[in-house]
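Here is the structure we will look at, set down as structure tokens.
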Amino acid sequence: MKLIWRLKSLNEYSSWIFKLAIAVLLLALNCQRHLFLLLRFHPPPPPPPPPPVTVDIPKPPASVNTSETFLSSGVQEHEDETPQEELNDGKCDLFTGDWIPNPSGPMYTNATCSLIEGHQNCMRNGRPDPGYLFWRWNPRNCELPPFDAPRFLEVMRNKRWALIGDSISRNHVQSLLCILSTVEQAVEVYHDEEYKSKRWHFPSYNFTMSNIWSPFLVKAAIFEDNNGVSSSEVQLQLDKLDTNWTNLYQSFDYMIISTGKWFLKAAIYHENDTEVGCHICPGKNLTEKGFVFAYEKALRYAMDFIATSKHRGLIFFRTSTPDHFENGEWHNGGNCTKTTPAKEGEIELKDLNKILRAVELAEFEKASVKAAENGVNLKLLDFTNLLLSRPDGHPGPYRQFHPFAQDKNAKVQNDCLHWCLPGPIDYWNDVIMEMAVNG
């Protein structure tokens, strides 16, 4: 009898243990389900982002005197020449001034901006002298605030900019994008087949920046490789504007339009679909017209289009920029070895640059009158004086990556036309912001 009772008690105990195990299992499965749902709809926070890459801008070399005495002495001399009341009466000339030491250096570096073209990326390419980075443009008779990237983007919210022209325009757009990218990274949203025309977007501001390749502003067939070597003369239509920019013209709120040096190249000129002459075309049985003939016609046609366009934005016309080739030119071994800004009067504008600039200023003067009559806001950007004194700002041999790594006496192509980034061209943006935003 006792045995039967014990077996019955054991069976009841085992049943209780079994039920308890089932309950624990169900509770565990239920907890797992709740945990899954929790994680599904409320994922754990992402890990913290890695710390930003820090870039050490090199200290200004001893050759750049950053003392307060040096900074003020040259500037004070000019300030004494101009009564204070004239500084605020609308006579400010942003294009006449001096390069003064800037101990803080550039706003960006090649490490913080990925948009710099290799040929202008002087820091990456191993340029050994950093002194060219520590100067800023200072107009003599007025204050020029440094470029304010956050304010610029805020003012340009929902706006569209375009820089139209040749490789100097591309050089400039990269400078502007690098500075703006200290606030928000630009997103490339378009490029043509040859990657010469591009467009970038700043999503938070719905702001777009375009670079349109049109080195002549008029229609041209160009037969040239990336090193500037031509296989034939340019075929230039002097009475047909380049639709690469005219088709988009009315869609932009702000434009910087320029041309210049490409007109010095060998070319066949056309009007009314007929050959009318040439520049540097021996053996072609055509009349040598010279580049001035073509430059005046093409620029007048482009400027007349702008002046009569009824455009309601702001249009800048920028004059061509000086080069600093010495001992030759681009195609025959010219170089530029200066490492500091030139003193006033030390460098004279070359004759070809004088001719180009004279045509540009004359055509702008005529167009500006017509533009005013038609309500077109056309302004001049003449950076000739600003850049003439910066022979140290070009890539020179450092358009190539470490050109002397294998042979310190290697003969390499020098670039004394374009500008290192960062470099002097960055200060164009200070002037442009003052005219487009603050002005």
So how do V189, V431 rank on accessible area, 1.4 Å probe, biggest first, that is with the largest at the start? V189, V431
Can you compute the FRET efficiency between K408 and L264 using 1/(1 + (r/R0)^6), with r the Cβ-Cβ distance and R0 = 41 Å? Round to the nearest 0.05. 0.80
May I ask you to list the chymotrypsin sites (Phe, Trp or Tyr not before Pro) in region 293-401 that are in a DSSP loop and have at most 16 other Cβ atoms within 10 Å of their Cβ? W330, F401
Carbon/sulfur fraction of accessible area - region 293-371, other protein chains in place, 1.4 Å, %: 52 percent
Among residues other than C416 whose Cβ falls under 13 Å from its Cβ, what is the net charge (Lys/Arg +1, Asp/Glu -1)? 0
If Lys and Arg each add +1 and Asp and Glu each add -1, what is the summed charge of the other residues whose beta carbon sits under 14 Å from the beta carbon of R357? -4
Counted charge near L163, where neighbours are those whose Cβ lies closer than 12 Å (Asp, Glu -1; Lys, Arg +1): +4
With every protein chain left in place and a probe of 1.4 Å, what is the accessible surface of L115, to the nearest 10 Å²? 40 Å²
Rounded to whole angstrom, the alpha-carbon centroid of region 135-211 lies from that of region 263-317 at a distance of 29 Å
As a test of reading the structure, rank D426, D304 by solvent-accessible area (1.4 Å probe, protein chains only), most first. D304, D426
Just to verify a number: what accessible area does H324 come out at with the full protein assembly present, 1.4 Å probe, Å² rounded to tens? 10 Å²
Enter the accessible area of E288 (Å², nearest 10), with the probe set to 1.4 Å and all protein chains included. 100 Å²
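The values are calculated or read from the model by the stated rules, or taken from the named source; none is laboratory data. Nothing here was measured: the structure is a model prediction, and the numbers come from that model. Counting neighbours? That spans all protein chains shown, and the Cβs are built from the backbone with ideal geometry, glycine included. For the accessible areas, the whole protein counts, side chains as well, though only heavy atoms, and no ligand, DNA or RNA atoms are used. Shrake-Rupley method; radii C 1.70, N 1.55, O 1.52, S 1.80 Å.
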